[in-house]
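Contents: one structure, followed by commentary.
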Ligand SMILES: NC(=O)C1=CN([C@@H]2O[C@H](COP(=O)(O)OP(=O)(O)OC[C@H]3O[C@@H](n4cnc5c(N)ncnc54)[C@H](OP(=O)(O)O)[C@@H]3O)[C@@H](O)[C@H]2O)C=CC1
Ligand SMILES: O=C(O)[C@@H]1CCC=N1
């Protein structure tokens, strides 16, 4: 994720200098290839940067924060993209005055089509939050939300790409089973998803209205929708979103 953010900023010519630190120096080649400077110690990075992104897995946070112990946070802005880790948890280690933005991005930011949600603690000024919003806006859309919704939002943008890919795979597998060439089904279905999303965004019509436009009385769409609802499709999605939020809450404990 760190590379996706950094390379996106470089591609968009966002005015900034980039530095990276990772305990696995094999990762450095990729970052150096986009002009980011390698730091061989965390302190080097902390000294060089005004805005510091934390992009390690949630289970690595304790050791990362321990490495930072005692380093003056000063006016630095910290941005964490970890699922489930609250600004309060980070402030308990970084110090109560630490400026912390919590972000939930998603992998489509690799193709500048990301969707990111942000919140900040009270130490962050509106200008600083706006700066972080500008960063993520280079890579797609970026919305500011309340921290109490940061765990629930993960199902909506952070994890949802995986569900979309699963959905595509299920349709392509279903097409194959009915004798349709896999690649052809993939092309037609992806275009159908793209076109449907464009309809939602450009017509201003609700999902329900657009469903009505596709569904002829007694026709094929009614058959596919009825069959999905008999399998409790909407309920399964809502259940899966609750599971996602619960997992984020567990990670944060
Ligand atoms: N993947 C996604 O779609 C999304 C992920 N996120 C969040 O992004 C974060 C990063 O995920 P991802 O990019 O997949 O993670 P990766 O494991 O790919 O990258 C994290 C890197 O940090 C290194 N690292 C771990 N601990 C330390 C440490 N103490 N000091 C220095 N480097 C360290 C890791 O090394 P090593 O490999 O040795 O552990 C690894 O190279 C997660 O917190 C996740 O919740 C948020 C939104 C979407
Ligand atoms: O699976 C995860 O925990 C991370 C957070 C959102 C997407 N990937």
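Could you please rank 76, 253, 169, placing first whichever residue has the fewest other Cβ atoms within 10 Å of its Cβ?
Least crowded to most crowded, the residues run 253, 169, 76.
Consider just the alpha-carbon atoms of segment 160-251 and return their Rg together with their Dmax, both in angstrom.
Cα radius of gyration and Dmax of segment 160-251 are 15.5, 47 Å respectively.
Give me the angle, in degrees from 0 to 90, between the Cα long axis of helix 233-251 and the longest principal axis of the Cα atoms of the chain, rounded to the nearest 10.
With rounding to tens, the tilt is 10 degrees.
For labels at residue 215 and residue 122 in the simple 7 Å Cα→Cβ model, what's the distance in nm?
4.8
Please compute the length gained on full extension between residue 48 and residue 253, using 0.36 nm multiplied by the number of residues separating them and subtracting their Cα-Cα distance.
70.6 nm is the gain from fully extending residue 48 to residue 253.
Can you tell me what share of the DSSP beta bridges in the chain is antiparallel? A percent to the nearest 5 is fine.
Taking every DSSP beta bridge within the chain, about 20 percent pair in antiparallel fashion.
Note down the nm distance, to one decimal, between modelled labels 7 Å out along Cα→Cβ at residue 234 and at residue 198.
Going by the 7 Å Cα→Cβ label model, 2.8 nm.
Simple spin-label model, 7 Å along Cα-to-Cβ: residue 131 to residue 183 in nm?
Simple spin-label model gives 4.9 nm for this pair.
Among 26-33, 210-217, how do they line up from the highest to the lowest mean number of other beta-carbon atoms within 10 Å?
Top to bottom by mean Cβ count within 10 Å: 26-33, 210-217.
Quote the relative contact order of the chain in percent (integer), defining contacts as alpha-carbon pairs under 8 Å separated by 6+ residues.
16
Multiplying the sequence separation of residue 226 and residue 242 by 0.36 nm and subtracting their Cα-Cα distance, what value in nm do you get?
3.4 nm
Taking just the alpha carbons, could you work out the radius of gyration and Dmax for segment 1-160, both in angstroms?
14.7, 38
Summing -39500 (n - 2.57) over the DSSP H runs of n ≥ 4 in the chain and dividing by its residue number, what mean residue ellipticity at 222 nm do you reach, to the nearest 500 deg cm²/dmol?
Per the formula, -16000 deg cm²/dmol.
What's the FRET efficiency of residue 93 with residue 14 using the Cβ-Cβ distance as r and R₀ = 25 Å, to the nearest 0.05?
The value I calculate is 0.30.
Rule-based calculations on the coordinates, nothing more; no lab input. Computed from a predicted model, the values in this text were never measured in an experiment. Reconstructed Cβ throughout: ideal geometry from the backbone, glycine too, with neighbour counts over all protein chains shown.
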